[in-house]
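Below: the structure, in structure tokens.
The values are calculated or read from the model by the stated rules, or taken from the named source; none is laboratory data. Nothing here was measured: the structure is a model prediction, and the numbers come from that model. We place every Cβ from the backbone using ideal geometry, glycine too, and count neighbours over all the protein chains shown. Side chains are part of the model used for accessible areas, which takes the heavy atoms of the whole protein and leaves out ligands, DNA and RNA. Shrake-Rupley method; radii C 1.70, N 1.55, O 1.52, S 1.80 Å.
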Amino acid sequence: MRRIFVYIISLFLCLAVSSTDAQKKKQIIVPPDSTRLFNGFTVQLDVASLASSALTNSSTYSTEGALQIDLKHRIFPTLELGVAGANKTTADNINYKTNGMFERIGVDFNLRKRKKDAKPTNNLFIAGLRLGMSNFNYNVTNVVIPENYWGAGDPINYMNQSSTKIWYEIVAGVQVEVFKNFYMGWTIRDKNLISSDVTGKVAPWFIPGFGLNNGTSWGFNYTLGYHFWPQKKNAKNNKVFIDQKKINKQIINK
Amino acid sequence: MKKSIFIVLIFSILLNVSCNTDETCTQSKYVKLTAGFYHPHYNDTTKVLTVTSLQIDSLTVQGIKYDTLTHKYHLIDSLLFNNDKSKLSSIDLPLNNFATQSMFRFTLNSVVDTVTIYHTYFNNYLSLECGCLVTHSIDTVITTHHYIDSVQIKIRDVNTTKVENLRIYNHDKPIK
């Protein structure tokens, strides 16, 4: 089921990327103003985590959204907020249950360099960093003490355990404007825990926003976003101004 | 640009597929007390005590459990060692995970002794896959003295590390 989901997502992505050129021809692209500091902001929703939770029989779920600010169309400070949880029962009937919020703060950089003669575009090839944090409670129940020669005992329940985890993520991905102000994109993330488990404490199995508590983890986000750009209306005037400049130059040359 | 997008995409898919969780426990959960048999010999002329490893010709070990309902001790049906004639010089014994006392009935070369080990037990949560591990710390050991002369605690902590926790010394001549 997980594989089917991955193939569906990848097919969707391929179609999105390959159809970008076709869309470019149809849509009117308003070029981003790289001289202006604030170029609006994008509100994003991660559909990969949503679809994964719905389609697979996974014992974990996650929902998250993001706010991305466009500074000079090069630097993108990003705030990500989400809710995640797990309800996992092992083959030995040990159950792990958690629900918690997480937040990530970081910055993305647009690595795409625009050639002088290239058409203006809002598509991004991004790389960035995140600092993630989650404070959550969890229960580990029905932990059976192994039966030995002397017999078996009652299972142990570890209730209301709490933990705060901090991690960093290295992010890379693409973001494409598919319709006017409507963006689709994906990122892959290399996640690394900074805070380690306290010796003697019941360690969490799943960390909201991070994944399984293995020290390192990989993440995949597929986002849908809408760009709010209050100054965009004035961009047309800017374009006219640039054209006027060209005309002036031509007159001088003549 | 397009090529690099596809390369990263394929890598991400491969990673996503390959990152399946492994639910098998790979950690060792084998916790047993190890006891070695020794024979002390004191030379009167040289006045030197020598201790040599002792091989038991015939060994039977059985647990004795305290019944909280009847308030009586009774032998556990199954035997840990049943007339073992493989000339053992050390044995592994399981300690009780739910009590602070483990009692064993030793039959060493047809001579019976009872060894009582008082210990503290600790429940250590390992992980969701592995569950719990119980380790022990030996407090005291009491024994009868028919074949066994004395018991020495070498290492108190009983955990997954295999070390000699106890040394059981015999008499030169067993008292029957």
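The table for this structure:
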quantity: Single match in B:LEU33, B:LEU95, B:LEU59 (criterion: in contact with a Pro (Cβ under 8 Å, 6 or more places away or on another chain), surrounded by 18 or more Cβ atoms within 10 Å (Cβ to Cβ), of a type outside the set (Ser, Thr, Tyr) and at pLDDT 95 or above); calculated: B:LEU33
quantity: Qualifying residue in the range B:65-80 (condition: assigned to a strand (DSSP E or B), at pLDDT 95 or above, surrounded by 11 or more Cβ atoms within 10 Å (Cβ to Cβ) and not hydrophobic (A, V, I, L, M, F, W, C)); calculated: no
quantity: The range A:190-201 residues that are surrounded by fewer than 14 Cβ atoms within 10 Å (Cβ to Cβ), paired with ones that are of a type in the set (Lys, Arg) (beta carbon under 7 Å, 6 or more apart); calculated: A:SER195/A:LYS165
quantity: Yes/no for A:GLU147 being open to solvent by 40 Å² or more (accessible area, probe 1.4 Å) and either of a type in the set (A, V, I, L, M, F, W, C) or without any contact (Cβ under 8 Å) to a residue 24 or more places away in the chain (or both); calculated: yes
quantity: Test: residue in the range A:58-68 that is at pLDDT below 85, touching a helix residue (DSSP H, G or I) at 6+ places or on another chain (Cβ under 6 Å) and either loosely packed, with under 15 Cβ neighbours inside 10 Å or of a type outside the set (Asp, Glu) (or both); calculated: no
quantity: Options B:ASP149, B:ASP157; residue that is touching a residue at least 60 places away in the same chain (Cβ under 8 Å) and out of contact with any Asp or Glu (no Cβ under 6 Å at 6 or more places or on another chain); calculated: B:ASP149
quantity: The lone exception for A:LYS254 - which of (1) under 27 Å from A:ILE69 (Cβ atoms); (2) open to solvent by 20 Å² or more (accessible area, probe 1.4 Å); (3) at pLDDT below 95 it fails; calculated: (1)
quantity: Pair list, Cβ under 6 Å, 6 or more apart: the range A:90-114 residue facing another protein chain (nearest Cβ under 10 Å) and modelled with pLDDT of 95 or more, other residue open to solvent by 20 Å² or more (accessible area, probe 1.4 Å) and not in a strand (DSSP E or B); calculated: A:TYR96/A:TRP205
quantity: Some residue of the range A:168-183 being open to solvent by 30 Å² or more (accessible area, probe 1.4 Å), part of a loop (DSSP other than H, G, I, E, B) and more than 21 Å from A:LEU50 (Cα to Cα); calculated: yes
quantity: Unmet requirement for A:LEU212, which otherwise passes all of (1) facing chain B (nearest Cβ under 10 Å); (2) open to solvent by 60 Å² or more (accessible area, probe 1.4 Å); calculated: (2)
quantity: Failed item in (1) open to solvent by 60 Å² or more (accessible area, probe 1.4 Å); (2) outside any loop (DSSP other than H, G, I, E, B), with B:SER86 passing the rest; calculated: (2)
quantity: Conditions (1) within 11 Å of another protein chain (Cβ to nearest Cβ); (2) without any contact (Cβ under 8 Å) to a residue 24 or more places away in the chain; (3) not in a loop (DSSP other than H, G, I, E, B); number of the one not met by A:MET159; calculated: (1)
quantity: The range B:116-138, subset aliphatic (A, V, I, L, M) and touching a residue at least 40 places away in the same chain (Cβ under 8 Å), residue nearest to the other protein chains (Cβ to nearest Cβ); calculated: B:VAL134
quantity: Selected residue (only one of B:TYR121, B:TYR125 is open to solvent by 50 Å² or more (accessible area, probe 1.4 Å), assigned to a strand (DSSP E or B), closer than 18 Å to A:GLY200 by Cβ and in contact with a Phe, Trp or Tyr (Cβ under 9 Å, 6 or more places away or on another chain)); calculated: B:TYR121
quantity: B:VAL51, sole failed condition from (1) modelled with pLDDT under 95; (2) more than 14 Å from chain A (Cβ to nearest Cβ); (3) open to solvent by less than 30 Å² (accessible area, probe 1.4 Å); calculated: (3)
quantity: Members of the range A:184-216 that are over 15 Å from A:LEU131 (Cβ atoms) and part of a strand (DSSP E or B); calculated: A:MET184, A:GLY185, A:TRP186, A:THR187, A:ILE188, A:PHE206, A:GLY211, A:LEU212, A:THR216
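Yes/no matrix, rows are residues, columns are (1) part of a loop (DSSP other than H, G, I, E, B); (2) open to solvent by less than 10 Å² (accessible area, probe 1.4 Å); (3) more than 14 Å from every other protein chain (Cβ to nearest Cβ); (4) free of Cβ contacts under 8 Å to residues at least 24 places away in the same chain:
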residue: B:PHE104; (1), (2), (3), (4): no, yes, no, no
residue: B:THR114; (1), (2), (3), (4): no, no, yes, no
residue: B:HIS145; (1), (2), (3), (4): yes, no, yes, no
residue: B:GLU164; (1), (2), (3), (4): yes, no, yes, no
residue: B:ARG167; (1), (2), (3), (4): no, no, yes, no
